[in-house]
Amino acid sequence: MRVLVYDDEEDFASFVQEAVEDQGHHVTMVTNAAEFAENFSAETDLIFLDLFMPDVNGIECIRFLAKTGTKALLVLMSGQDPAILNAAREGARASNLTVLDVLQKPIALSAIEDVLDAADATIMSTRQRSAAQAEACCDLQGDDVLEGLQKNEFFVAYQPQLRLENRSVAGLEALLRWQHPECGAVSPAVFIPLAEQSPAVMSALTEFVLKTACYDLIALSGLCPNLKVSVNVSATSLDEIALPDMIQNIVRGIGLENHRLILELTETAASSNLGQAIDILTRLRMAGFGVSIDDFGTGYSSLEQIVQVPFTELKVDQRFVKELLTSDKCRAVCEISCLLARKTGMLPVAEGVEDEATAQELLRLGFVLAQGYHFAKPMAKPQLLDWLRAHDQDTTGVAAAAGG
Ligand code: C2E
Ligand code: CA
Ligand code: CA
């Protein structure tokens, strides 16, 4: 969670900050209105707000927040009369803000911990509800995915992967997008599980992404001759023993060198039917394709299984990267994953990098490649072209000349 703590009493704000950090969340502490306005963003999940401050009162803050239409959860705090706290709560609710709790000062550590647990649960159920609503609104089925594909409603967005050392672009991750005429942008979190219900539908999607990505990479050759492209392969595709032939035929037909394509598989995908997964992945490796273990740290495979599969790169899951600087546990996962990758000949990759401090720390830990909103969001091809042109041409050129 991204948490903002606003209290003019610095000691008290620090106490709350520490309590929240100890639970592994990302906290920003502010003590005046200007800092509050500067640090509040659409990404803020939870706000601890003192109601009585000298420069601006909490009610004005509530008005400010209401205008932004934020979905952040609010915890109101005060040492004053509980009746005032409750009145403020009602006011905030009337302005469509979500007040999670009101806390009467002095506040016990356990009360903060309880609030954090409640916030976690609320955020989780809101996310599940909105995913379900998105699905229900159009009641999409697997067949709709196939129809959308035939009607050209799908396109591929690309997110650049950068070398941390010099920020040159090493590759692109191809990410599917569905612009549905009635539902608008449908998230991959909704349509990939739908497609996975039918091997034929998932296979059609994979084929579309592969072809588009290979064509686009060739079209980009003039600008960036040595870029690689990473394509996600669903767990269900590992049940198809013919997958390596399908991929090889597409790539050969388009005329791309095999080493410029990387297939990304999640850890869970590779461990569910390990024997067949090893067979398929080994054939892909022997043909010269790259294979990446995606979302590393979220599955349950043993280290033995991982070293049996001939992966060329390891992508540590973004949830650990996001909390690298704020959680000792996430830091440990990043460190160990990077070490494991290096010791077993895999390229260590980090995704979900959202700020410069995290990028610096990843480099220090030994990560080689990184992607994330800090560098660039996934972009459709025209925006990607603009971005690549605007991105430090010198570093791209130098890296290309050095052999990518
Ligand atoms: P993934 O493979 O782990 O892809 C990374 C996801 O993280 C993408 O979400 C990307 O937009 C997002 N992301 C990248 N940088 C940041 C960041 O700094 N902050 C945050 N908050 N997010 C970031 P997206 O595009 O919504 O894709 C979600 C998942 O859907 C992908 O996760 C992948 O598992 C699946 N997916 C997407 N395209 C395909 C596809 O063509 N085939 C298959 N099988 N799965 C796909
Ligand atoms: Ca991926
Ligand atoms: Ca991932």
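Go through segment 261-372 and tell me which helices (runs of 4 or more DSSP H), entirely inside it, have 1 or more residues that are within 21 Å of residue 161 (Cα to Cα) and in contact with a helix residue (DSSP H, G or I) (Cβ under 8 Å, 6 or more places away or on another chain).
Details: elements: 267-272, 274-286, 303-308, 318-322, 328-343, 356-365.
In segment 261-372, 267-272, 318-322, 328-343, 356-365 are the helices (runs of 4 or more DSSP H) which contain 1 or more residues that are within 21 Å of residue 161 (Cα to Cα) and in contact with a helix residue (DSSP H, G or I) (Cβ under 8 Å, 6 or more places away or on another chain).
Please find, within segment 241-295, the residue that is farthest from residue 308 (Cα to Cα) out of those that are open to solvent by 40 Å² or more (accessible area, probe 1.4 Å) and touching a Leu at 6+ places or on another chain (Cβ under 9 Å).
Of everything passing the filter in segment 241-295, 246 is farthest from residue 308 (Cα to Cα).
Which of (1) more than 23 Å from the chain's Cα centre (by Cα); (2) open to solvent by less than 60 Å² (accessible area, probe 1.4 Å) does residue 207 not meet, given it meets every other one?
Residue 207 satisfies all of (1) more than 23 Å from the chain's Cα centre (by Cα); (2) open to solvent by less than 60 Å² (accessible area, probe 1.4 Å) except (2).
Residues in segment 332-345: is at least one assigned by TED's automatic domain parsing to the domain that holds residue 277, within 16 Å of ligand 1 (Cβ to nearest atom), within 16 Å of the chain's Cα centre (by Cα) and buried (at least 16 other Cβ atoms within 10 Å of the Cβ)?
The first filter runs over segment 332-345 and keeps only residues assigned by TED's automatic domain parsing to the domain that holds residue 277, leaving 332-345.
Narrowing further to those that are within 16 Å of ligand 1 (Cβ to nearest atom): 333-334, 337.
Applying the additional criterion that residues be within 16 Å of the chain's Cα centre (by Cα) yields 334.
Checking which are buried (at least 16 other Cβ atoms within 10 Å of the Cβ) leaves us with 334.
Yes, segment 332-345 contains at least one residue that is assigned by TED's automatic domain parsing to the domain that holds residue 277, within 16 Å of ligand 1 (Cβ to nearest atom), within 16 Å of the chain's Cα centre (by Cα) and buried (at least 16 other Cβ atoms within 10 Å of the Cβ).
Test each condition in (1) free of Cβ contacts under 8 Å to residues at least 40 places away in the same chain; (2) touching a Gly at 6+ places or on another chain (Cβ under 7 Å) for residue 230 and report the one that comes out false.
It fails just one condition, (1).
Could you check, for segment 217-228, whether at least one of its residues is surrounded by fewer than 20 Cβ atoms within 10 Å (Cβ to Cβ) and in a helix (DSSP H, G or I)?
yes
Which of the numbered conditions does residue 121 fail, given that it passes all the others? Conditions: (1) open to solvent by 40 Å² or more (accessible area, probe 1.4 Å); (2) of a type outside the set (Asp, Glu); (3) touching a residue at least 60 places away in the same chain (Cβ under 8 Å).
It is condition (3) that residue 121 fails.
Of the residues 235, 277, only one is under 18 Å from residue 299 (Cα atoms) and either of a type outside the set (Gly, Ala, Ser) or within 13 Å of ligand 1 (Cβ to nearest atom) (or both); which?
Values: 277 fails: either of a type outside the set (Gly, Ala, Ser) or within 13 Å of ligand 1 (Cβ to nearest atom) (or both).
Just one listed residue meets the conditions, 235.
Scan segment 1-46 residue by residue and report those that are under 20 Å from the mean Cα position of the chain (by Cα) and among the β-branched types (Val, Ile, Thr).
Result: 3, 27, 44.
Applying the selection to segment 1-28, what residues are surrounded by 19 or more Cβ atoms within 10 Å (Cβ to Cβ), more than 11 Å from residue 112 (Cα to Cα) and among the small types (Gly, Ala, Ser)?
Result: 13, single match.
Within segment 178-188, is there a residue that is under 14 Å from residue 380 (Cα atoms), in the same structural domain as residue 257 (by TED's automatic domain parsing), touching a residue at least 40 places away in the same chain (Cβ under 8 Å) and within 24 Å of the chain's Cα centre (by Cα)?
First, the residues of segment 178-188 that are under 14 Å from residue 380 (Cα atoms): 178-179, 185.
Within this subset, residues satisfying the condition of being in the same structural domain as residue 257 (by TED's automatic domain parsing) are 178-179, 185.
If we keep only those that are touching a residue at least 40 places away in the same chain (Cβ under 8 Å) as well, we get none.
Taking every residue of segment 178-188 in turn, none turns out to be under 14 Å from residue 380 (Cα atoms), in the same structural domain as residue 257 (by TED's automatic domain parsing), touching a residue at least 40 places away in the same chain (Cβ under 8 Å) and within 24 Å of the chain's Cα centre (by Cα).
Quick one: count up the residues across segment 109-118 that are open to solvent by 50 Å² or more (accessible area, probe 1.4 Å) and either hydrophobic (A, V, I, L, M, F, W, C) or not assigned by TED's automatic domain parsing to the domain that holds residue 75 (or both).
Initially, segment 109-118 is screened for residues open to solvent by 50 Å² or more (accessible area, probe 1.4 Å), giving 109-110, 113-114, 117.
Subsequent filtering for residues that are either hydrophobic (A, V, I, L, M, F, W, C) or not assigned by TED's automatic domain parsing to the domain that holds residue 75 (or both) retains 109.
Summing the residues that are open to solvent by 50 Å² or more (accessible area, probe 1.4 Å) and either hydrophobic (A, V, I, L, M, F, W, C) or not assigned by TED's automatic domain parsing to the domain that holds residue 75 (or both) in segment 109-118 gives 1.
Among the residues of segment 55-82, write down those that are over 30 Å from the mean Cα position of the chain (by Cα), open to solvent by less than 60 Å² (accessible area, probe 1.4 Å), of a type in the set (A, V, I, L, M) and over 22 Å from residue 121 (Cβ atoms).
Correct list: 56 only.
Taking the criterion of being closer than 28 Å to residue 327 by Cβ, among the basic types (Lys, Arg) and not assigned by TED's automatic domain parsing to the domain that holds residue 322, would at least one residue in segment 59-66 satisfy it?
Looking for residues that are closer than 28 Å to residue 327 by Cβ, among the basic types (Lys, Arg) and not assigned by TED's automatic domain parsing to the domain that holds residue 322, one finds none in segment 59-66, hence no.
The values are calculated or read from the model by the stated rules, or taken from the named source; none is laboratory data. Predicted model only: the values in this text are computed from it and were never measured. Every residue, glycine among them, receives a Cβ derived from its backbone with ideal geometry; neighbour counts consider all protein chains shown. Side chains included, ligands, DNA and RNA excluded: accessible areas come from the protein's heavy atoms. Shrake-Rupley method; radii C 1.70, N 1.55, O 1.52, S 1.80 Å.
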